[in-house]
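The values are calculated or read from the model by the stated rules, or taken from the named source; none is laboratory data. Every value quoted in this text rests on a predicted model; they were computed, and no experiment measured them. Methodologically, a virtual Cβ is constructed for each residue, glycine included, from the backbone with ideal geometry; neighbour enumeration extends over all protein chains shown. Accessible surface areas use protein heavy atoms only, side chains included; no ligands, DNA or RNA. Shrake-Rupley method; radii C 1.70, N 1.55, O 1.52, S 1.80 Å.
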Amino acid sequence: MNKKFVCSRSQVPANGMVECEAEGGLKLLVANAGDAYFAYQAVCPHQDVPLCEGLYDGAILTCHQHLWQWDIRTGAAIGLAEASLESFPVQVDGDSIYVVAQGALNAAALFAGISDQTLAAITALAKKEEYGAGNALYNFGDPADDFFVLESGRVEFLIGRDERLSPAGFMLRKGEVFGWAALLENQPQRIARATCLEQSRLLRINGKQALQVLEKDPASGYVVMRRLSSLIARYLASSGSK
Ligand code: FES
């Protein structure tokens, strides 16, 4: 088990929150609610805003920038929020708070609930890659052969054309899948530009090979395709609001 020390209980105000850096450098928002502690991504899933600058009443966390809100016990989105928070399982041992790290593919919502055998087969296809800040992962019109799962770091998406480029309106969190055009049969080219905003670790998975794995397990394939349609709807809603 990959357990990392985050902070001591005394550093977290009662029914309050604090940003901490876990062993290894991962920044987290740690919140207290009664007897319980929770750890979430430190930055808002909407834009690059530290959540510790927001408001927290012991139950609901609110980002002050555009008022997205989350249930502190689950990280679930409330009201205006369009994305839930990435949560990190917490262990409290005496005065010490730890988080338990999990692999990006296991954390990927797209693959939640698929069979262990199929998840293992897709994991076997994944190649680990690391990119520096400013590196473009793909551009408009590039062949859409692979999709990606974000392990750490941040990736920005630009949509539109030439001088009318604009951010797609959301950033990714650990375990989120992007470049999903590689999983669509009639979408051979990229329709956005993806660029790393900071040092980022990714899993790269070939779309055709992943589809072959899913074809052998139709129940898992159905789960993934349903989730994929939600991802596409999110993308269309985001680009339509520009
Ligand atoms: S930056 Fe947090 S809600 Fe927009």
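Some notes on this structure:
- Across 48, 35, 142, mean-square fluctuation computed from a Gaussian network of the chain (C-alpha pairs under 10 Å connected) peaks at 35.
- Each Lys or Arg adds one and each Asp or Glu takes one away; over the other residues whose Cβ falls under 10 Å from the Cβ of residue 197, this sums to -2.
- Net charge of the neighbourhood of residue 97, taken over other residues with C-beta under 15 Å away and scored Lys/Arg +1, Asp/Glu -1, is -2.
- Cα-based shape type of the stretch 18-83, given that a ≥ b ≥ c are square roots of the gyration tensor eigenvalues and the cut on a/c is 1.5: oblate
- Our note on the geometry: Cα centres of the stretch 118-145 and the stretch 184-234, 10 Å apart.
- What a 1.4 Å probe finds exposed on the chain is 48% carbon and sulfur by accessible area, rounded to a whole percent.
- When the square roots of the Cα gyration tensor eigenvalues are ordered a ≥ b ≥ c, the ratio a/c for the chain is 1.5 or more and a/b exceeds b/c, which makes its shape prolate.
- GNM result for the chain, Cα springs below 10 Å: residue of 47, 117, 69 fluctuating most strongly: 117
- Residue 229-residue 36 FRET efficiency (beta carbon distance; Förster radius 41 Å; 0.05 resolution): 0.75
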